[in-house]
Structure formats: structure tokens, C-alpha cells
Amino acid sequence: MTFVLIGLALLTGLAGLGVWGLAVRSREQARATPPLSARPAPAATTAATTAATSPAPTAADTAASPAALADVALRRAARTEAPLAAAAPQPGQAPPEALASLRWAAPASLSAERQQALVEALRRIPRPPAALQQLMSPQFLARASSGELSDLITGEVRIAAKVLATVNSPFYGLRQPVSSIGQAVTFLGLNSVRSLCLQYLLDDSFKAGNAEQRRIYDQIWAASALASELCAKLAPRLGLPEPGAWVAQVLLSFLGHLGTASLMLQRKEAGPPPADLLARCAWSQQALGLTPAEIGGLLLREWNLPASIIDDVCAIDRLLVTPADALVSRHSQALAVAYLCARLGERLTAADAPADLIGFDPALQDGVDFFYLRGYLAAPGLARLNDHLQGADIQRCLQALHPPELRPIEA
């Protein structure tokens, strides 16, 4: 019996040593193996993995042609295999030097004389029709029906004619012509038609005096139209509150860029605006004392738009210099989508613009204009943003707008 007990004890001890040895080896392997987040992306992805990680086709996808769907699927697969080029900035991570060097100036930081001179220069820009104030009132944005929008714009006969000419253009491809703003809303949706109305109400304020000025204005108008179209499609799908207001505010965020171009073109040495937002802000602030967003805010105040609208419009471009953890606003996700749409509008209407967004992921962009935006896009509420951007209906819209066609129609 004693020998049996001794044997059992020896076996127990050996088993314990084996378990201990396995634990030691496991810890050593864990130390030798980097965590998953630090491991390099695999060189290739199997078809099964690609299918599992690719976004599921939307209803709009299924309406596309088989050839278009195959092309989209291939490029989506390529996107899933691409290595991560960037990630949301970590807390305390220093911004690029060019971004950190920009000290965003508020109008109040200017001397009284300089601010007054800037306001006086902006007052030379013709005021838009009075319908602008009603179109952009919070009550109208929140509750206006197609009938109310039709009544408002019908009172501006020339604006209504321009809107209907655009709606009946080949771009929209309507099967039958429409003869009223109400019918246009039925076919295109309230937000898209309201954006067109807003664009044409503002167009008379920016008449080009020469070919160079017209070229610059056309570029800004094209970017604003595409940006508002993108916002009109994305905002409802992402469940953003008051999507109609954000569609209009995205378009209004370009007003400061138009105003800045108008002021700068009076300076013969100014040249065209820089393509990147950061460079454009530094360029404008050095010459005029304020960035385009703040100049747009001054102009909107002169035109008596509501303060709440002006604040949100100016806040869109301010995201360029505002870390996600520094913005205390219930609108932070909506502002991020608005800012992204504005930057994409500029990107997709540039001279060498791509025709679509296949393979584009805003969270992986390493340009300075996207540095702080990546932090906002990490919010759970925006997790499906890039899936929506890759949707077939948005790709068709972008391809139809390349080269851009939605510009103010000359009287």
C-alpha cells in the first residue's frame, strides 16, 4: 500500500510539472508573439475571408447591372486587402507641423478697424433674394412640405425657372418633364430640391467679371453641389437628426470660400485658391485676417440668417483644427459627416479627380485635412459610413457628376 501511495504522489507531481511547463511555454510564446493589433496585415486574403469582411450588398446594389456589380465587388475585395495606412489619432498624439502651426483666428481677434474694413468689403457682394431667410429658417427646415417650398420658390420666378431647368436636364434622366417645384420634390426628394433652390438663390451674389473668376466660382459651385448631394444620401442612412438642415448647411459652408475668392480676386497677385483646406485657410488668414469659414460667418450675419444656422455652418470647416475629444457638441457626428462631404466634394471635382469612391476609406486617409476627422469617424454611430459610401447608388451619382454638371445655370 505504501508503494502505491508513493507512486500516486510521484505521478501527481509529474503532472503538475507538465502543467507548469505548458504554462511557462504559453507565457513565453505570448511574449514572443505580438498582439493582433500589432501584427502585419496578411499578404493575401482568401475568397472566404473577403466575402465575410466585404459589406453586404444594399438594395441599390442589386439594382445595378451584373457587370457593374462585378466591378464593385472586385474593388471592394481589393479594399479589404489593403494595409492600414492610418488610424484615428491617439490621445495626446501631436498633429502634423503644418496643422499645428495654424492658429485659427476668430473675428473678435481682429482689430475693430480691420474687422470693419472686411465687413465693408463683404457688403459689396449683392444680397440674395429675401426668400433665402425663409428657406433657411429653423422652422422651415424642420417642417416645410413640398407645397410650402413650391409656394416660396414660385414667388422667385427666375429662380424657379433655373431649378426646373436643372431638374429637367439629362443629368437627372426623368422619364417625363416636371413643371412645378412640387413635382420636382416628388421625383428627387425635398432635400435635393431645397439644395438646388438654395444654390440658385445664392448664385446672383457671385457673378464673375472675367474668365478666371468664372473658372474659380464654377469649381467651388461644383464642389458644393456634389457635397450637398452626398450629404443628402448619407445623412438619412446614418440616422442623423435634421438631415435637411445639414444638407443646406454643407452647401452654405462653401459660401465663405466664394466670399474669400471674391475678395482675393480683387488682389491681382492673389492667384487661385489652394486645393487643400489647410493651405487655403492659411492663405486666406494671412491675406484677409480670417479663414473662409469665418468670412462666410460674417457674410451670413450681414444677410441676417439665424445665429444657430451660422454657428453650425462655421463649425463644419473648424473641424480641420478641432480634436474629437475637444468638441463638446451633440452635433459632433453630423459635423463630421458634413465636413467629410465637403472635402469629398472638393476632391471629386478637382481637375484630376477619380470618378468614384471605390477603395476610398476616410478613416485611412493620412492627409492633414483628415487628421482630426479620423477621430470623429471612430464613433460607433458612424461605423457603417464607409459601407454607405461604397454603395452602388452613390457610385452612380458620382460617375454622373464626373465631370461635374450641377452648376448654377446662367440667366
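Values in this text are rule-based calculations from the coordinates and carry no lab data. What you see is a predicted model, and the numbers here were worked out from it, not measured in a lab. Every residue, glycine among them, receives a Cβ derived from its backbone with ideal geometry; neighbour counts consider all protein chains shown.
Using amide H atoms built in the peptide plane, which far-off residues or other-chain residues are under 5 Å from Ala105 H to H? Amide H to amide H, under 5 Å and 5 or more residues apart or across chains, Ala105 pairs with Thr291.
Remark: the Ala98-Arg214 segment gains 38.7 nm on full extension, using 0.36 nm per residue and subtracting the alpha carbon distance.
Using R0 = 35 Å, the C-beta based FRET efficiency linking Arg124 and Thr154 works out to 0.70.
The order of the peptides 323-334, 204-215 by mean Cβ neighbours within 10 Å, most packed first, is 323-334, 204-215. Considering only the other residues whose Cβ falls under 14 Å of the Cβ of Glu302, what net charge follows from Lys and Arg at +1 and Asp and Glu at -1? Local charge sum for Glu302: +2. On full extension, the segment bounded by Ala326 and Ser180 gains 48.0 nm, given 0.36 nm per residue less the C-alpha separation.
Residues Trp246, Trp303, Trp221 in ascending order of nearby Cβ atoms (within 10 Å, fewest first): Trp303, Trp221, Trp246. When restricted to Cα atoms, region 132-205 yields an Rg and a Dmax of 11.6, 34 Å, respectively.
Suppose the chain between Ala161 and Arg237 were pulled fully straight at 0.36 nm per residue; how much longer would it get relative to their current alpha carbon spacing? Length gained between Ala161 and Arg237: 24.3 nm.
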